[in-house]
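One structure is given here, and the rest of the page talks about it.
Please treat every number below as a calculation from the coordinates, not as lab data. Remember, it's a predicted structure, so these values are computed and weren't measured experimentally. With ideal geometry, Cβ positions are generated from the backbone for all residues, glycine too; neighbour counts draw on all protein chains shown.
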Amino acid sequence: MIVTIDGPAGAGKSSIAKRVAQRLGFEFLDTGALYRAVTLGAIRAQIDFQDVDALVQYAKQVNLRWDGQRVFLNGDDVSDEIRSPTVTDAIRFVADVPEVRHQLSRLQREIAVGRDIVTEGRDQGSEVFPRAECKIFLTASAQERARRRQKQLADAGRPMQIEQILRAQERRDEEDRSRPVGALRPADDARVIQSDGMTSEQVLEDALRIVEEVRRRDERHAPRQPADTNSTGGDS
Ligand code: DC
């Protein structure tokens, strides 16, 4: 079973997707980490971000591996380095290129094949796994996302003005929404969780309830197993 969780930056997708996967005993895939790793690799390889052909060539030959928790670039664990502002600021040059998205979507499908998995990103339900059994779109207002981010930063000893966070977030939202391919949008059949005013526990329980509903619905609609004609008929 594939569960997709999409939504804008700062909606808390990663932590919820991880916890949903844990509770269900499913694998977890953070697709943003793959976009981040390719971006870091392109920076390290000093590729000119305006040179789309060079970016595509790079994305075709780079060796990316996801082990369920961490991401490896040419064998190197880059899970921490991909979170740097330098990478975040450059991602759009990579994520806007349809052929790069094509490569990464293929890798995402390869990772998911035959698995029970929760995948998290922007285009999982709409583009990469259009036939996923369960699709969730997790969102929150810009103010709420910025407030949560401010708290996270303060807890990490990096206090920041809310206006500054809102400005950066608006820029990322606009980039995510206006991408020519793989733009952020809920799939037509996604269930939306609007998480303003909810605790992360409440969001988690809501997401698990949605998965449970889908499972029950699919069980009801699953074709019945044909009667076992070889049965000896028990004690009748
Ligand atoms: O989820 P995140 O913030 O780590 O993602 C980083 C960037 O990668 C995000 O700004 C847009 C891009 N991305 C994407 O284009 N498609 C995805 N499925 C996941 C992420």
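Counting only DSSP beta bridges with both residues in the chain, what percent are antiparallel, rounded to the nearest 5?
The antiparallel fraction comes to roughly 25 percent.
Once each part is reduced to its C-alpha centroid, what is the distance from the range 158-191 to the range 1-72 in angstrom?
Measuring centre to centre over Cα atoms gives 16 Å.
Name the residue from Thr31, Leu204, Gly114 whose Cα lies farthest towards the positive end of the charge dipole of the chain, charges +1 on Cβ of Lys and Arg and -1 on Cβ of Asp and Glu.
Leu204
Based on Cα positions only, what radius of gyration and what Dmax would you give for the range 1-65, in angstroms?
Radius of gyration, then largest Cα-Cα span, for the range 1-65: 15.2, 43 Å.
If one takes the longest principal axis of the Cα atoms in the chain, at what angle in degrees, from 0 to 90 and to the nearest 10, does the Cα axis of helix 200-221 lie?
With both axes taken from Cα atoms, the answer is about 40 degrees.
From zero up to wherever the largest Cα-Cα distance of the range 116-162 sits, split into 5 Å bins and tell me the percent of pairs in each.
Result returned by the calculation: 5, 18, 19, 13, 12, 14, 12, 6, 1.
Highest first, please rank the peptides 138-149, 7-18, 180-191 by the mean number of other Cβ atoms sitting within 10 Å of their residues. Working shown, then result.
Values: 138-149: 18.4, 7-18: 20.7, 180-191: 16.7.
For the peptides 138-149, 7-18, 180-191, the packing ranking is 7-18, 138-149, 180-191.
Round to the nearest 0.05 the FRET efficiency obtained for Gln46 and Ser84 when R0 = 22 Å and r is the Cβ-Cβ distance.
Details: r = 16 Å, r/R0 = 0.75.
That gives a FRET efficiency of 0.85.
In degrees from 0 to 90, rounded to the nearest 10, what is the angle of the helix 98-112 Cα long axis to the longest principal axis of the chain?
40
All other residues with a Cβ under 11 Å from the Cβ of Pro186 taken together, and with Lys, Arg as +1 and Asp, Glu as -1, what is their net charge? Provide the component values of the computation, followed by the final result.
Values: positive: Arg122, Lys135, Arg185, Arg191; negative: Asp6, Asp123, Asp188, Asp189.
Here the charged neighbours net out to 0.
Express in nm, to one decimal, how much length is gained between Ser200 and Ala183 on full extension, taking 0.36 nm for each residue of separation and deducting their alpha carbon distance.
Extra length available between Ser200 and Ala183 comes to 3.6 nm.
Ranking request for peptides 198-205, 112-119, 90-97: highest mean number of other beta-carbon atoms within 10 Å first, then the rest in descending order.
90-97, 112-119, 198-205
Which value in deg cm²/dmol, rounded to the nearest 500, describes the helix-derived mean residue ellipticity at 222 nm for the chain, given -39,500 (n - 2.57) per DSSP H run of n ≥ 4 and division by the residue count?
So the calculated ellipticity at 222 nm is -16000 deg cm²/dmol.
What ³J(HN,Hα) values, in whole Hz, does the Karplus curve 6.51 cos²θ - 1.76 cosθ + 1.60 give for the range 185-195 when θ = phi - 60°, with x put for Gly and Pro?
Computed from phi, the couplings for the range 185-195 are 6, x, 4, 4, 9, 7, 9, 9, 10, 9, 9 Hz.
Any chance you could give the angle, 0 to 90 degrees and rounded to 10, that helix 85-95 forms with the longest Cα principal axis of the chain?
60
Could you order the peptides 213-220, 71-78 from most to least packed, using the average number of other C-beta atoms within 10 Å per residue?
Ranking the peptides 213-220, 71-78 by packing returns 71-78, 213-220.
What do you get for Rg/Rh over the chain if you use C-alpha atoms and the Kirkwood form of Rh?
Values: Rg = 20.1 Å, Rh = 19.2 Å.
Using Cα coordinates only, the ratio equals 1.05.
Mind putting a number on the dipole of the chain about its Cα centre? Charges go on the C-beta only, +1 for Lys and Arg and -1 for Asp and Glu, and I need it in Debye to the nearest 20.
Roughly 280 debye for the chain.
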